[in-house]
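Heads up, the thing below is written out as structure tokens.
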Amino acid sequence: MVVVLEKNISDKQIEDVIKHLEDFGFDVHKSTGVEQIVLGAIGVKPDFDTRKVKILDGVAEVYRITDPFKLASRTFQNYDTTITIKDVTIGGDQVVVMAGPCSVESEKQIFTLAEAVAKSGARILRGGAFKPRSSPYSFQGLGEEGLKLMRKAADEFNLVVITEVMENAQIELIQEYADIFQVGARNMQNYSLLKELGKVDTPVMLKRGLSATIEEWLMSAEYILSSGNKNVMVCERGIRTFETYTRNTFDLSSIPVVQKKSHLPIIADPSHAVGLRDKVIPMARAAVAAGADGIMVEIHNDPDKALSDGPQALLPEQFFDLMKQAKLIAEAIGRTL
Ligand code: PEP
Ligand code: MN
């Protein structure tokens, strides 16, 4: 931690700041510049609250130089984490594609879409059985029936299943049917759920919260990792900003930022980020170009009648086009798809 002192600080105040830092357990190194004195405080604990120093008399600025997350960081593990489910590897050279409806609605719907996913060459089927809807009056998902239908459709077309878990009590049930747990944006800071997911081995994809900083998001991943589950990937799905022309703002820059800070695979979800069908393909292409390890895209065969998120769902033909384009982009940056 670097502590910059105020220009007009008195000797007594300097001594006092140093004494506080030592009492907090730091080794203190003082360097005197032309205008200001800077203290280097060595030995910051991950949970140290820097405000304890910011409020001391004579302190101008405090900068943390180590990240508060450990297991998720590249300092802890320099090589990329890869997660293998059946014959699909996430986080390797291949860019993975997860596609399917927002919600599982019926046997016919999920079989039609699973067939489209398989035909496109993608290997992971997405679909919600338990839906976190903004309104309690909106469709809440088919529950266990939805899980059963999705598993059946995925097995028919040799696909891997990802579906959302919303609460601790659903973990066991969902584990019977799914290969990857999705933690939705609204649950990114449900620490009790994150800790429980840390006790299983099933891979978890942790979506970024609607207004979470990248650090908060990686700290949430840290909850799962520190509880024992190393099979964690994160997913950028757009954040809430002042912009209203799109549903959220797609923070593409989080992809290289996360990759620099963390070894965890990063998936990008342009569907929830932009919320409008015509903007999903360009942003999916951009995500692949930015280096995402995978993309998650919502598709629907009859989006006008979809029970959730129809306006952002691609038609199967549009999705096939996207797959062709994304493949070319992946190859241009030395990856496969
Ligand atoms: C979803 O994937 O359907 C979903 C609800 O995502 P998010 O949590 O990103 O809103
Ligand atoms: Mn959705």
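For the range 212-225, the count of residues that are in a loop (DSSP other than H, G, I, E, B) and either within 12 Å of ligand 1 (Cβ to nearest atom) or touching a Ser or Thr at 6+ places or on another chain (Cβ under 9 Å) (or both) is nonzero. Of the helices (runs of 4 or more DSSP H) that lie entirely inside the range 264-337, those containing 1 or more residues that are farther than 30 Å from M219 by Cα and not hydrophobic (A, V, I, L, M, F, W, C) span 277-290, 316-332.
Scanning the range 128-150 for residues that are under 24 Å from the mean Cα position of the chain (by Cα) and more than 15 Å from Q170 (Cβ to Cβ) gives R133, S134, S135. Screening the candidates K19, K45, K70 for the property of being free of Cβ contacts under 8 Å to residues at least 12 places away in the same chain, more than 30 Å from G121 (Cβ to Cβ), basic (K, R) and out of contact with any Leu (no Cβ under 6 Å at 6 or more places or on another chain) yields one hit, K19.
Filtering the range 96-114 to residues that are touching a strand residue (DSSP E or B) at 6+ places or on another chain (Cβ under 6 Å) and in a loop (DSSP other than H, G, I, E, B) leaves only C102. On the given criteria, is N187 assigned by TED's automatic domain parsing to the domain that holds K324, within 16 Å of ligand 1 (Cβ to nearest atom) and not hydrophobic (A, V, I, L, M, F, W, C)? Against the criterion (assigned by TED's automatic domain parsing to the domain that holds K324, within 16 Å of ligand 1 (Cβ to nearest atom) and not hydrophobic (A, V, I, L, M, F, W, C)), N187 qualifies. Regarding the range 82-105, can at least one residue be identified that is within 16 Å of ligand 2 (Cβ to nearest atom) and of a type in the set (D, E, K, R)? Yes, there is a match, as at least one residue in the range 82-105 is within 16 Å of ligand 2 (Cβ to nearest atom) and of a type in the set (D, E, K, R).
The rows are residues; the columns are (1) within 12 Å of the chain's Cα centre (by Cα); (2) aliphatic (A, V, I, L, M).
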| position | (1), (2) |
| --- | --- |
| V160 | no, yes |
| N168 | no, no |
| S192 | no, no |
| V234 | yes, yes |
| D251 | yes, no |
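Restricting attention to the range 117-128, the residues that are in contact (Cβ under 8 Å) with a residue 40 or more places away in the chain and more than 12 Å from ligand 2 (Cβ to nearest atom) total 7.
Considering only residues that are among the β-branched types (V, I, T) and part of a strand (DSSP E or B), look in the range 230-257 and name the one that is farthest from S220 (Cα to Cα).
Pass one, the range 230-257, residues among the β-branched types (V, I, T): 232, 234, 239, 241, 244, 246, 249, 255, 257.
Remaining after also requiring part of a strand (DSSP E or B): 232, 234, 239, 249.
On the way: V232: 11, V234: 10, I239: 16, T249: 21 Å.
Per the criteria, the residue is T249.
Here the condition is being at pLDDT 95 or above, under 14 Å from V97 (Cβ atoms) and of a type outside the set (K, R); of V288, V274, it holds for V288 alone.
Within the range 11-59, the set of residues being modelled with pLDDT under 95, assigned to a loop (DSSP other than H, G, I, E, B) and farther than 26 Å from L71 by Cβ comprises G33, V34, E35, Q36. Flag: D251 matches the condition of being of a type outside the set (F, W, Y), more than 16 Å from ligand 2 (Cβ to nearest atom), without any contact (Cβ under 8 Å) to a residue 60 or more places away in the chain and under 14 Å from K207 (Cβ atoms). Condition first: small (G, A, S) and either more than 16 Å from R208 (Cα to Cα) or not assigned by TED's automatic domain parsing to the domain that holds K119 (or both). Now tell me which residues in the range 157-184 satisfy that. Those that are small (G, A, S) and either more than 16 Å from R208 (Cα to Cα) or not assigned by TED's automatic domain parsing to the domain that holds K119 (or both): A169, A178. Selection over the range 267-318 of residues that are within 15 Å of the chain's Cα centre (by Cα) and either within 14 Å of ligand 1 (Cβ to nearest atom) or crowded, with 24+ Cβ neighbours inside 10 Å (or both) gives a count of 14.
If we scan the range 40-54, do we find a residue that is over 22 Å from E216 (Cα atoms) and polar (S, T, N, Q)? Taking every residue of the range 40-54 in turn, none turns out to be over 22 Å from E216 (Cα atoms) and polar (S, T, N, Q). Set side by side, the residues E172, E196, E145 differ, and just one is part of a helix (DSSP H, G or I) and under 21 Å from E105 (Cβ atoms), which is E145.
Right, F130: modelled with pLDDT under 95 and under 21 Å from S271 (Cα atoms) or not? Judged against the criteria, F130 is not a match.
For M166, indicate whether it is part of a strand (DSSP E or B), of a type in the set (A, V, I, L, M) and either closer than 17 Å to G100 by Cα or modelled with pLDDT of 95 or more (or both). Judged against the criteria, M166 is not a match.
The values are calculated or read from the model by the stated rules, or taken from the named source; none is laboratory data. Computed from a predicted structure; not experimentally measured. With ideal geometry, Cβ positions are generated from the backbone for all residues, glycine too; neighbour counts draw on all protein chains shown.
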